[in-house]
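Encoded as structure tokens, the structure appears first; notes follow it.
Every number here is computed from the coordinates shown, using simple stated rules; none is lab data. Bear in mind the structure is a predicted one, so any value in this text is a computation, not a measurement. Cβ coordinates were reconstructed from backbone atoms using ideal geometry, including for glycine residues, and neighbour counts include every protein chain displayed.
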Amino acid sequence: MQKLIITCALTGGVPTKEMTPYVPITPKEIAESAYACYNAGASVVHLHARNKKGKPTSNPKVFEDIVTRIRAKCPELIINISTGGRGRKQGERGSALYLKPELASLTTGSVNFSNSAYVNPPQIIDMLAKQMLEYDIKPEIEIFDASMLPNALDLVKRGLLKEPLYLNFIFGMKGATPAVHENPRFSAPQDEVLMEMKYFQRYYADKPVNCQWAVSGIGKSQLEMNLLAMYNGGHVRVGLEDNIYFDKGVLASNEMLVERIARLSREWGRGVASCDEAREILGLRHRA
Ligand code: ZN
């Protein structure tokens with residue numbers, strides 16, 4: 001099995017300092033958190049930006065500040081910029097892509113969250129995919145729901161996505177795919193992600209798709225879903241964007257979450273990918 005690629009989603013759009021003092025909000029805090037995660041074993045950081053009031057923003061200047069600080073502190077680290085829609089205007093979601101991160105998130109469909117709809121119209125998906133092609137950025141395809149897999153293949157067919165693909169399955173978001181494994185709906189116990197991958201490879205695609213996959217679990221499902229991916233050849237995303245707790249009632253820092261999954265992967269014998277090993281696995285071209 002390949003070494004484990006650990007992505008840390010440092011900030012997201014939801015956690016506030018009131019919820020946890022550990023969530024990095026300012027560019028300085030985000031860069032410090034990225035550096036701590038890099039030292040703990042993360043090869044990728046997934047970034048969101050916040051404005052002075054701590055609200056999600058697409059302001060490219062804030063992203064530029066964050067990216068510049070991270071590149072100065074740990075130039076090796078792979079940067080993944082979110083184009084996610086929470087609290088951001090549709091047309092501005094790709095406004096930081098000119099910074100040419102090696103990865104950027106791309107959600108290939110719409111889905112409900114617990115109290116809002118996450119709307120990704122086909123025109124926005126195409127626009128973001130085209131921008132990523134233009135800047136030579138690999139999309140990290142965020143799969144909240146099964147329909148997003150055939151949508152991703154449609155982008156491949158239309159030349160807007162290039163293999164190897166990098167899929168990130170997000171489980172446990174209320175309103176989207178639950179974090180279920182050993183699903184009782186099926187006669188043989190099957191894990192949701194493995195089932196979805198089977199559908200992806202066998203039923204949706206005309207020929208085998210060259211792809212890597214990772215799993216994110218929301219809230220208390222994070223560790224369990226990460227382990228499921230680790231045991232089955234996938235990669236993982238941890239971080240306060242998805243989960244602010246280390247254990248019941250114990251708040252986590254980003255580096256605590258990275259450290260734990262890195263230790264478990266090493267002890268289990270899979271190891272942890274360095275930044276350059278992650279580039280190799282994901283088919284990213286090496287940056288100078
Ligand atoms: Zn995100």
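Descriptive notes on the structure:
- Electrostatic bookkeeping for Val14 treats Lys and Arg as +1 and Asp and Glu as -1; over the other residues with beta carbon under 14 Å from its beta carbon, the sum is +3.
- Counting neighbouring Cβ atoms within 10 Å and putting the fewest first, the residues Ser216, Ser265, Ser114 line up as Ser114, Ser265, Ser216.
- Cα gyration tensor shape for the stretch 216-288, rounded if a/c is under 1.5, else prolate or oblate: prolate
- Cα gyration tensor shape of the stretch 121-183, rounded if a/c is under 1.5, else prolate or oblate by comparing a/b with b/c: prolate
- Rule-of-thumb Rg ratio for the chain [Cα; 2.2 N^0.38 Å; N residues]: 0.92
- Scalar couplings 3J(HN,Hα) for the stretch 226-235, obtained by applying the Karplus form with A = 6.51, B = -1.76, C = 1.60 to θ = phi - 60°, are 4, 5, 4, 5, 4, 5, 10, x, x, 10 Hz; x denotes Gly and Pro.
- Positive dipole terminus of the chain, leading residue within Trp268, Met225, Ala152 (C-beta point charges): Ala152
- Rounded if a/c under 1.5, otherwise prolate or oblate - the stretch 1-82, Cα gyration tensor axes: prolate
- Ignoring aspartates and glutamates fewer than eight residues from Lys130 along the same chain, the ones with Cα atoms less than 19 angstrom from its Cα are Glu92, Glu102, Glu140, Glu142, Asp154, Glu163.
- Think of it this way: in the chain, Cys74, Cys211, Cys275 stand alone, with no other Cys Cβ under 4.7 Å.
- Packing order of peptides 99-112, 157-170, highest average first: 99-112, 157-170 (average count of other Cβ atoms within 10 Å over each peptide's residues).
- Neighbours of Asn39 by Cβ distance under 10 Å: Lys/Arg scored +1, Asp/Glu scored -1, total -2.
- Mean Cβ neighbour count within 10 Å, used as a protection proxy, ranking 135-143, 2-10, 58-66, 117-125 highest first: 2-10, 135-143, 58-66, 117-125
- Helical runs (DSSP H, four residues minimum) scored at -39500 (n - 2.57) apiece and divided by the length of the chain put the mean residue ellipticity at 222 nm at -9500 deg cm²/dmol.
- Each Lys and Arg adds +1 at its Cβ and each Asp and Glu adds -1 at its Cβ; summed about the Cα centre, the stretch 6-282 shows a dipole of about 640 debye.
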